[in-house]
1. Tyr415 versus (1) without any contact (Cβ under 8 Å) to a residue 60 or more places away in the chain; (2) outside any loop (DSSP other than H, G, I, E, B): which is the lone unmet condition?
2. Check whether at least one residue in the range 220-228 is of a type in the set (Phe, Trp, Tyr), under 17 Å from the mean Cα position of the chain (by Cα) and crowded, with 22+ Cβ neighbours inside 10 Å, and report yes or no.
3. Return the residue satisfying two criteria in turn: it lies in the range 511-544 and is among the basic types (Lys, Arg) and part of a loop (DSSP other than H, G, I, E, B), and of such residues it is surrounded by the most Cβ atoms within 10 Å (Cβ to Cβ).
4. Could you list, in sequence order, all residues of the range 470-491 that are at pLDDT 95 or above and either assigned to a loop (DSSP other than H, G, I, E, B) or under 21 Å from Gly403 (Cβ atoms) (or both)?
5. Considering the range 424-445 alone, what residues qualify as being on the phi < 0 side of the Ramachandran plot and in contact (Cβ under 8 Å) with a residue 60 or more places away in the chain?
6. Does Asn251 meet the test of being part of a loop (DSSP other than H, G, I, E, B), within 23 Å of Ile435 (Cβ to Cβ) and polar (S, T, N, Q)?
7. Here are some conditions: (1) part of a loop (DSSP other than H, G, I, E, B); (2) of a type outside the set (A, V, I, L, M); (3) over 30 Å from Asp220 (Cα atoms). Asn90 meets all but one. Which one does it not meet?
Amino acid sequence: MKKKSKKNSNINQKSFYFEDYLETNRKNESLKKSNNFQDRIYILFFFFFSLILIFSIKISHVSLNKKDLYFEEKQTSQFSLIRRDIVDRNDVIISRNVNTFHAAIDPKLVKDKKNLLLKLRINFPELPIKEIEKKLSEKKYFRIKKRIDQIEKDKFWSLGEKAIKFEPFQARMYTHGDLFSHIVGQVDYDNFGISGVEKYLDRELKDKNNLGKPLKLTLDSNVQYIIKKELDKGIKTFDATGGAALLMNVNNGDIISLVSLPNYNINQRSTIKDDNFINKITKGVYELGSIFKTFTVAIALENELVDTDTIIKEIPKKIKCSIHEITDIKEHPKDLSVEDILVRSSNVGSVVLARKIGTEKYNEFIKKTKLTISPEIELEEKGDPHQLKWNKCKLETISFGHGITTTPLQATALYAAISNGGNLIKPSLIKNRKIEKSEKIISKDTSDKLSKILRKVVSSHDGTASLADIDGYYVGGKTGTAESYGSKKNRINSFMSIFPSNKPNYTLFIMLENPKINKDLIYDYRGIKTKAPYNTSGWNSVYVAGKIIEKIGPILAINNEEFTDLYVAEKFN
């Protein structure tokens, strides 16, 4: 019995160990499987994390680097100016170089010629498709459109044609379109100046040592815009064929605004051959009429032949000179003071003064003021006044602005000198330039006398420019009605103003070509509602000048209160 129990005991023991081994083995295998599963998860996690990291780095790299993803060709991401910016007196951008493209086609890469032409015809109907088709047959690389903007570039790229290539280059962009067209000028496709300031100062604008420093002009964009807008209104109001305006600082020659209409958008690079589009201020050559009477009075006063209150007695209604008769538009008293001759704008009275002056002294003044030679300005578009020949009646006709030509720029510069104390200044478009020493053409005493007379031309009952009498600005000036040289059909109505006339800071020239009477326009003429009786500058150019001065005065920081006492004294004395 004992043996049996021992045997059973051994069996049980063996079974016990067997069961223990299986359980342990199962646990180990389960542990191994669990570890393998976790390893796979870690590997997958690491794999996906690596992918995310790689894509993140790639996205960051692409975002931070300025590369053109549209094309296979490698293009530089660095923009290096090859021409200086041009800014106005307030640092407002007028002209700047920007990156742009020409669109071209490489015929060797064209897979489907008909399909390409169809795409171009649908998306770019303005392109010469037949010409492009012909060039494609020649198998030579060619441009299909120059100076494309970003929208056009995207449009070309969206066609999905590898044959279309984009040639990067720097283009000159003009932020104000047509506002400064007669001043700034243009550059060609190779960035060489071809007109305006761009041409005159081409070397300075491409100076590598100053590429980061803008060229500052004397112009004011805000004032330029207002004058252009009001002048354009005036042209429409009086149905004129053109017009011009010039605003200048009388003390240093800074040209704050120069407008010539019609103008054109210089961004379009179109060829213009019509003479009506010339720069009328610097290139236009005109007889300026009665504006010259101021010079006649100035010479007479400076040479002490008369004083402002000197009475010229028995002035005839007309003066015969050779076969011509010189008369006045309207009748004046027989006896006029020198002041009244200018205020009333008497042609006959000016002739009487000119004969007192004589040809020699008048010619000396004209040479000294350089009225009849090409003007000095930072532009190549300059006119050449006709040579002055002192033949019969030349002295008489010059005295009231006929028979002599000049540019509006030179006439305005001379008015600046007459009003600033007698110092002949050189007009300029460049700010912060070195100011040259001015030449004295008349004394300060003569200058002060003339400024007072010019004020009366605007303020007095007998003056011809009352429509420019804007409260608070103490405007003085002189009207002029004449014909352009060599064409009796081209009428020039102009007004030269100075303000404030008690201490002049600015001179403003306004000109209208071939204006007509506006039969529907009602004027407030010294408190009376009336229509224009004549087609003279007093009824159109002066009207436009008044509108302009009223709007630009605050911008020019003229303090209206500064003149309150003067107005009160003037009105009640």
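The values are calculated or read from the model by the stated rules, or taken from the named source; none is laboratory data. Bear in mind the structure is a predicted one, so any value in this text is a computation, not a measurement. In this analysis, Cβ positions are derived from the backbone assuming ideal geometry, glycine residues included, and neighbour counts consider all displayed protein chains.
1. Condition not satisfied by Tyr415: (1).
2. no
3. Residues of the range 511-544 among the basic types (Lys, Arg): 516, 519, 526, 529, 531.
Checking which are part of a loop (DSSP other than H, G, I, E, B) leaves us with 516, 519, 526, 531.
Values: Lys516: 15, Lys519: 7, Arg526: 11, Lys531: 13.
This residue is Lys516.
4. Val475, Lys478, Thr479, Gly480
5. Step one: of the range 424-445, the residues on the phi < 0 side of the Ramachandran plot are 424-431, 433-445.
Result: Ile425, Lys426, Pro427, Ser428, Leu429, Ile430, Lys431, Ile435, Glu439, Ile441, Ile442, Ser443.
6. Yes.
7. (3)
For every residue, the table says whether it meets (1) outside the structural domain of Asp445 (by TED's automatic domain parsing); (2) free of Cβ contacts under 8 Å to residues at least 40 places away in the same chain; (3) buried (at least 24 other Cβ atoms within 10 Å of the Cβ).
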residue	(1), (2), (3)
Asp275	no, yes, no
Thr282	no, no, yes
Lys293	no, no, yes
Thr308	no, no, no
